[in-house]
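Just so it is clear, none of the values below were taken in a lab; they were calculated from the coordinates. This is a predicted model, so every value here is computed, not measured. Neighbour counts run over all protein chains shown; Cβ positions are idealised from the backbone, glycine included.
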Amino acid sequence: MLQTALDPLMHPVPGDARLAEQRRADALVELCRRQLESGTLPQTGRQKTQLSITVSAAALAGLPGTEGCNLTWAGIVPAATAQRLSCDASLRVIALNDKGLPIDVGRATRSIPTGLARALAVRDGGCRFPTCDRPIDWTQAHHLQHWTQDGETNLENVFLLCGFHHHLTHEGGWRLVREDGDSLQAIPPPTGRAPGQPIAAAATPRPIEAAARST
């Protein structure tokens, strides 16, 4: 049963150098993400099942010299992972005193509002990383300029990426740059192309975009 559920989620994308076991692991994470987003799991502690990450403002902003972040059940993870997970998440700001103890807990707010999510689905139609054709259900919202670095949460700055390429643009060091119109160019890490990673070209418009704009 598990293999049947994972199989449609683990097909490689163009230039995908992951081993089969890595693709199975990523497929399992994607399967869990979809189930969590559905909101149908039983509640725990009077809250919907959720994944929590505790991160300082400095680490979330990617400031040099900051420590990693605490991810529930996983322990310490890099700040880049926290940034990727926070691209589209429910955020709650907790103020601390000079001893590091909580003194105020703000309301949880969603980083990607419902209206923007719908507009992204119409415009992008799937993963917008050049050469990738993964469908809309496989994607996550990604800020070209992260909101912790004054990037705005709007159609000009947010694009949909599949989990593999979302990971590539944060932990993998790749960078997406918007060109004329809505096309994107992927730029490899400064140290050069990582072993086994794809060489990206400029994106071509998706048929769904033209259809959406003509209606």
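Stretched out straight at 0.36 nm per residue, the stretch from residue 7 to residue 90 would grow longer than its current Cα-Cα span by 27.0 nm.
For residue 19 and residue 137, a Förster radius of 22 Å and the Cβ-Cβ distance give a FRET efficiency of 0.35, rounded to the nearest 0.05. Placing R0 at 45 angstrom, the Cβ-Cβ distance between residue 187 and residue 118 gives a FRET efficiency of 0.95 after rounding to 0.05. Among 171-180, 14-23, sorting by the average number of other beta carbon atoms lying within 10 angstrom of each residue, highest first, gives 171-180, 14-23. Taking amide H atoms as placed 1.01 Å from N in the peptide plane, the amide H of residue 134 lies under 5 Å from those of 127, each 5 or more residues away in sequence or on another chain. Close amide H partners of residue 184, meaning residues 5 or more places away or on another chain with modelled amide H under 5 Å apart, are 179, 203.
Of the peptides 138-151, 55-68, the ranking by mean beta-carbon count within 10 Å, highest at the top, reads 138-151, 55-68.
Full extension of the segment from residue 179 to residue 32, taken as 0.36 nm per residue of separation minus the current Cα-Cα distance, would add 49.5 nm.
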